[in-house]
Structure formats: C-alpha cells, structure tokens
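J.: Here it is: the structure, laid out below.
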Amino acid sequence: MKKAEIKDLKKYAVKIRKHIIDEVYSAASGHPGGSLSCTDILTALYFTEMRVDPKRPVWEDRDRFVLSKGHCSPALYAVLAERGFFPKEDLLTFRKADSYLEGHPSMKNVPGVDMSTGSLGQGISAAVGMAMAGKLDKKDYRVYAIVGDGELQEGEVWEAFMAAAHYKLDNLTVFLDYNGLQIDGNICDVMSPEPVADKFSAFCWNVLKTDGHNIEKIIESIGQAKDFKGRPTIIIAKTIKGKGVSYMENQAGWHGSAPNKEQRDQAMAELDKVLAELEVE
Amino acid sequence: MADKIATREAYGNALAEYGSDTKIVVFDADLSKSTKTDNFRKKYPERFFNMGIAEGNMMATAAGMASCGKIVFASTFAMFAAGRAFEQIRNSICYPKLNVKIGATHAGLSVGEDGASHQAIEDIAIMRAIPNMTVISPADAVETRYAVKAAIEHEGPVYLRLGRLSVPVIYDESNYKYELGKGITLSDGNDVTIISTGLMVHAALEAKALLREEGINARVIDIHTIKPIDGDIIVKAARETGVIVTAEEHNVIGGLGSAVAEVLSENYPVPLIRVGVKDKFGKSGKPDILLQMYGLTATDIAKEAKNALKKKVEK
C-alpha cells in the first residue's frame, strides 16, 4: 500500500475519533474508551478491505461486519457515516429519542449495520451464522467481527468459536480488541481470559497477533487471514482503551462515561493537532 | 379412536415435506432424533446443521444465517429454547425481526419420565412477552403440518410449541384450513366455552362429551395461535356463552389463560376459570398419570366448566 494511502487512512481514523467524541458528548452518554480502541481496525476494514457499497447497504454479495462489542457503536456509526452510508450530521443525534442511531447498533434502523448487537457474546454467534450462510450458498463474501476482551468472559463466545472451527469457516475473521480493561478494571483482575492465544489455538483457530493501532499491520493481518484456508482466523489486536485522547488512555473510567465541555474541547484540540501534523507530513 | 401422532413427529415430517425450498435451513442442538428434525436431515443433509449442545449460540447463529436470506428452523426442547436461549431469541432474533422459526418440542408435563427439569411450563409466557414474536401451539398432527407451512410463509420470528407425547388426530386433512392468528370453533354450544390449546384441545372435546351427558352444551375453541391472539372469537364466545374455561398444559400464570383473561378484561369481562399447572413444578412419571395428578384431564375441565356455570351472570 502506498504511503499516501496509508496517510489518508490515518486521517480517516482521526476524523472518526473526533466523531466518537462528539457523538458521546452530544448524547451525554455512551462508550468512548472501547470505541477509540477499535477505531483503527474499523478504519482498515471499511476503507480498504471490505467489499461494501454505501448505495446498496443490503447488497447480498457484500462483506459483512458484526460489532460484537455493540456498546462501541459510536465508532461503527462514525465509520459508516464517513464511508457514506448516512449523513455525518446525523451522528450528533446519537442516543436521542428521535434518532435512528440507537445506543447499541440496530440493523433495522441503521444503513450499513449488518447485525443488531449490544448483549455481549451474541454478535460473534451471528457472525458464525453469516459465514455458514456464505459457505452454504457458495458465495465469496467474507465476514468480519470485533469481539471485546472482556466479552471473552461470556460463555457463548466459546460456543461460537467451537462452531466456527467445526464448520471450517475460513471466510470468517475476528478481531480481538485487546485493550485490557473492562468496567470494573483490569480484565485480568476481574476474570482473566489468559492465556488467550493458547485458548484460540486449542479451539482450532488460526491465531495472528497485531498492533491494533498500526493500520499497515492491521491490513497485513487481514491479508494473511484471507489467505489462510480451512480454519477461521482470530487477530489478537493489542490496543489502548481511549486511544488518541490523552486523559482517556488506559483509564477504565472512560469505558462508559461522556466528556464535559472542557474535556470535549481538549480531546478535539489533541485530535486536530494530529490531523494537522498528518496534513503537513 | 383416531390415530395418535406426536406433534414433534408431524413437525419433522412437515420440515421434510416443505423443505425443498433451498432457503430453508434446519439447526438442532444434539436432539435431532427427539425433535424429529432428523427427518429433514435425511432428505436435505446439506441444509441441516448440528450446532451441538449450545442452545444460546444456536439461536444467535440462526439469526446471523437468517440475516443472509435464509428461513432457519432452530430446534431443541422447549425448556432450552425458551428457557436457556431466551435472551438470544429476544435480542438477536426478535429485536431485528429475523426469519427464525423456533421448533420447541417436549413442551409441558407430558414430557413424562424426564421430570421437572425438562418440562417447560413457562415457555408460552416467556415467548409471548417478546415484541415481534408469533407463538403457535398446535393441537394435533394435521394442525402442526399447516402451522409449519404458515411459519415458513410468515415473515419474522415464530415460536412453535410442540409435544413429545403421541396425541389423537382431531382434524381431517381434507377440510382443514390454518389461518395464523385465527382460532377455530371446533364445536358449537351456548352454555359455556372451553378455550384450549395444544394437547388440551382433545381433552376439551372429551370434556364437552362429559358435559353433554349432564345436559350442558359447551362450545370448544382451539387457539392454535396464542400470539397474536384471536380476540374476536374470544369476545364472541364471552358474549354468547357468558362464561369461559381455559385449558392448557402450561402454568396458569402467563399462558393461554392469561392471554384470554387479558382479552376479556379489556373487552367483555365474564367469569373465567383457568385449567392449567397451578404454579408448581412438574415431576417424573408416565404422561397420562402426570396429567391426572396436575388436574389436566377432560374430567378436570368438565368439573371447572360446571363451577364456571355457577359464576355465570346474566348480562
């Protein structure tokens, strides 16, 4: 991938982070920490890898995406809006009673959302179902999902991983957004999922690791997953909760709270500075 | 006596019969020999998927597959469908209104020897409380066959409540017509109405015969679609007979009796007696003995019909 293209992707990622802050700020609620941690993965997926057409959101041959950690809807909505699925202005209606942008993604209301999620553990099962349908219909679309690290504590996730390997769903690629934090603190203190890589290997998945904030490396991992036959792929993406906003980074407290005006302005100033640096690079 | 066939058997046969449509996919959770989805598997193995003993995952996976244009029948025992997988059914199937049909067999006490842990007596209550859900509880093999057909034709989630026990065939194939959301008046009468569902429909017909011996003319209605419920047929019965008895193989809380009470109290209040499981768990035993122990026989219905008559008020 050309340097200019990578730079464009990085700019998109910053714009998406700005949208996330504004969505959560305007709603005075929502989940900024995990949204910021999966932003670069979503950017790589929607702006390079996924076969989607914003004019035909339910095109049957499209690649599918499931945000199993549905509370990070601000990131998904921001990416879909930047990709042209719906107007960017609508992002500011997030979580409001007259808006279609529900707190957690609803496939019936939001163009581009392929599965309603929010209750942890279920999205990954739905992604398995989509990948099974693709195999059954001999279609070449791919299915992507992001699962949270805290979400691994849900038993259903492992039922789904077992089924995906059993049905050899090599058309399924799942990202683990491994930011290490959940509402009550460090995931390894709350209920450790470790050793995660060994567990995925034991579940017969192809296991890759990447830096979840390095867009080039994310794209490289997706390519490797596409080339791998016979098994589904999990990409363990090391991320930082709150990435890109200094005071939110690595703070479990920013899992589900909104910034005040001053905090919002500071976040915007920080992100605008990054954007300006990318412009002059 | 007419032939006896379990509604689960009729379900499996109907899936095999109507399964030629390649949009139809069947999931099971390691119970295909019992739920009879194996009948479909034998004919269309490429569209049958065993999801293992993991009902929650099965339901949400069915949702994902349905989002790709499939009509997915997901089968397991009623206990593990409506019970264990409630939240997957609610959030992944009903909220997005996906085309998943839940084939829930082994509902009610008539599961028999497996006992309370496997006898779902709450499933109608749980399933009918979910928006977008249609709840069907067929009375016999003929009704089951057409209920499966109706479920295929209906766009959206359906819960099909089926039984393990072989039950008499009530309907005649040649003149049966299934209409989703419409009750069936099986036998007319003007003294009292027995509104029943599932295997209790046959018991209601027997109760009518018992009552006739005492000069009481009972109307018998089969409510095969519990949601959306046929309010018209219920109000008409209330108006014309003045008193209602409901009969179901389910807890008296939240099931058919409750649904009928809701219609009556909002539209045309008349005395109502609910025959059903009296808010207690089942137990092991032969199905017929259990139905007697828990007061779910024709004799029990007839007795309550006479009690209901005493409550009758002239309007």
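The values are calculated or read from the model by the stated rules, or taken from the named source; none is laboratory data. In this text the structure is predicted, and so the values were computed from the model without any measurement. When we count neighbours, we look across all protein chains shown, and the Cβ atoms used for this are built from the backbone with ideal geometry, even at glycine.
J.: Looking only at segment B:91-125, count how many residues are within 14 Å of chain A (Cβ to nearest Cβ) and either touching an Asp or Glu at 6+ places or on another chain (Cβ under 7 Å) or of a type in the set (K, R) (or both).
T.: Matching residues across segment B:91-125 total 2.
J.: What are the pairs, 6+ residues apart or on separate chains, where a residue within segment A:203-224 that is among the charged types (D, E, K, R) and surrounded by fewer than 21 Cβ atoms within 10 Å (Cβ to Cβ) has its Cβ under 7 Å from a residue that is modelled with pLDDT of 95 or more and part of a strand (DSSP E or B)?
T.: A:K209/A:I236; A:D211/A:K238; A:K217/A:T210; A:K217/A:D211
J.: Restricting to segment B:89-104, and then to whatever is out of contact with any helix residue (DSSP H, G or I) (no Cβ under 6 Å at 6 or more places or on another chain) and outside any helix (DSSP H, G or I), can you tell me which residue is nearest to A:R64 (Cα to Cα)?
T.: Only one residue fits best here, namely B:P96.
J.: Can you tell which of B:L264, B:L296, B:L290, B:L256 is surrounded by 17 or more Cβ atoms within 10 Å (Cβ to Cβ), farther than 20 Å from B:H224 by Cβ and among the hydrophobic types (A, V, I, L, M, F, W, C)?
T.: Criteria check complete, one pass: B:L290.
J.: Something else about it: Residues of segment A:230-281 being aliphatic (A, V, I, L, M), under 24 Å from A:D149 (Cα atoms) and assigned to a helix (DSSP H, G or I), which ones?
T.: Within segment A:230-281, A:A252 is the sole residue that qualifies.
J.: Also, quick follow-up: Using the structure shown, decide if B:M65 is buried (at least 24 other Cβ atoms within 10 Å of the Cβ), more than 7 Å from every other protein chain (Cβ to nearest Cβ), more than 17 Å from the chain's Cα centre (by Cα) and assigned to a helix (DSSP H, G or I).
T.: The answer is no for B:M65.
J.: Among the residues of segment A:1-20, write down those that are under 10 Å from A:L275 (Cβ atoms) and aromatic (F, W, Y).
T.: none
Results for (1) surrounded by 24 or more Cβ atoms within 10 Å (Cβ to Cβ); (2) modelled with pLDDT of 95 or more; (3) facing chain A (nearest Cβ under 7 Å); (4) not in a helix (DSSP H, G or I), shown as yes or no for each residue.
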site	(1), (2), (3), (4)
B:R41	no, yes, no, no
B:M59	yes, yes, no, no
B:G69	no, yes, yes, yes
B:V72	yes, yes, no, yes
B:T76	yes, yes, no, yes
B:F80	no, yes, no, no
B:E87	no, yes, yes, no
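J.: Next question, about the same structure. List pairs: first in segment A:1-24 and at negative phi, second polar (S, T, N, Q), Cβ under 6 Å, 6+ apart or cross-chain?
T.: Qualifying pairs under 6 Å: A:L9/A:T43; A:Y12/A:T43; A:A13/A:T39; A:A13/A:T43; A:I16/A:T39; A:R17/A:T39; A:I20/A:S35.
J.: Another one. Inside segment B:118-210, counting only strands (runs of 3 or more DSSP E) that do not spill past its ends, which hold 2 or more residues that are without any contact (Cβ under 8 Å) to a residue 60 or more places away in the chain and on the phi < 0 side of the Ramachandran plot?
T.: Because the criterion is at least 2 residues that are without any contact (Cβ under 8 Å) to a residue 60 or more places away in the chain and on the phi < 0 side of the Ramachandran plot, the strands (runs of 3 or more DSSP E) in segment B:118-210 that meet it are B:184-187.
J.: Which one is nearest to the chain's Cα centre (by Cα) among residues in segment A:192-219 that are among the small types (G, A, S) and assigned to a loop (DSSP other than H, G, I, E, B)?
T.: Residue satisfying both the conditions and the ranking: A:G212.
J.: For the structure I just gave you, tell me whether A:G244 is in contact with a Leu (Cβ under 7 Å, 6 or more places away or on another chain) and surrounded by 23 or more Cβ atoms within 10 Å (Cβ to Cβ).
T.: yes
J.: Among the candidates A:P54, A:P32, single out the residue that is under 24 Å from A:T93 (Cβ atoms) and either surrounded by fewer than 24 Cβ atoms within 10 Å (Cβ to Cβ) or modelled with pLDDT under 95 (or both).
T.: Matching residue, one of A:P54, A:P32: A:P54.
J.: Can you work out which of the residues in segment A:79-133 that are more than 14 Å from every other protein chain (Cβ to nearest Cβ) and of a type in the set (D, E) is surrounded by the fewest Cβ atoms within 10 Å (Cβ to Cβ)?
T.: A:D98
J.: Residues being of a type in the set (A, V, I, L, M, F, W, C) and either more than 21 Å from B:D123 (Cα to Cα) or in a helix (DSSP H, G or I) (or both): count how many of those fall in segment B:222-238.
T.: Residues in segment B:222-238 being of a type in the set (A, V, I, L, M, F, W, C) and either more than 21 Å from B:D123 (Cα to Cα) or in a helix (DSSP H, G or I) (or both): 5 in total.
J.: Counting only residues that are exposed (fewer than 15 other Cβ atoms within 10 Å of the Cβ) and under 28 Å from A:L136 (Cβ atoms), how many does segment A:164-202 have?
T.: Residues in segment A:164-202 being exposed (fewer than 15 other Cβ atoms within 10 Å of the Cβ) and under 28 Å from A:L136 (Cβ atoms): 2 in total.
J.: I need a count of the residues in segment A:113-144 that are in contact (Cβ under 8 Å) with a residue 60 or more places away in the chain and more than 24 Å from B:K23 (Cβ to Cβ).
T.: Adding up the residues that qualify gives 1.
J.: Step by step: first the residues of segment B:88-127, then only those that are of a type in the set (D, E) and out of contact with any Ser or Thr (no Cβ under 6 Å at 6 or more places or on another chain), then the one that is farthest from B:K36 (Cα to Cα). Which residue is that?
T.: B:E122
J.: A follow-up question, please. Are any of the residues in segment A:55-65 within 14 Å of chain B (Cβ to nearest Cβ) and within 14 Å of the chain's Cα centre (by Cα)?
T.: Yes, because at least one residue in segment A:55-65 is within 14 Å of chain B (Cβ to nearest Cβ) and within 14 Å of the chain's Cα centre (by Cα).
Okay, residues lined up against (1) modelled with pLDDT of 95 or more; (2) part of a loop (DSSP other than H, G, I, E, B); (3) of a type in the set (A, V, I, L, M); (4) touching a strand residue (DSSP E or B) at 6+ places or on another chain (Cβ under 6 Å):
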site	(1), (2), (3), (4)
B:E240	yes, no, no, no
B:T246	yes, no, no, yes
B:H250	yes, no, no, yes
B:G254	yes, yes, no, no
B:S258	yes, no, no, no
B:F281	yes, yes, no, no
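J.: Which residues, taken from segment A:167-201, are within 23 Å of A:M130 (Cα to Cα) and without any contact (Cβ under 8 Å) to a residue 24 or more places away in the chain?
T.: Residue satisfying the conditions is A:S201 alone.
J.: Please enumerate the residues belonging to segment A:72-92 that are under 25 Å from B:C68 (Cβ atoms), assigned to a helix (DSSP H, G or I) and over 10 Å from the mean Cα position of the chain (by Cα).
T.: Correct list: A:Y77, A:L80, A:A81, A:R83.
J.: Being within 20 Å of the chain's Cα centre (by Cα), crowded, with 24+ Cβ neighbours inside 10 Å and outside any strand (DSSP E or B) is the filter; apply it to segment B:25-39 and report the residue that is nearest to the other protein chains (Cβ to nearest Cβ).
T.: B:T37
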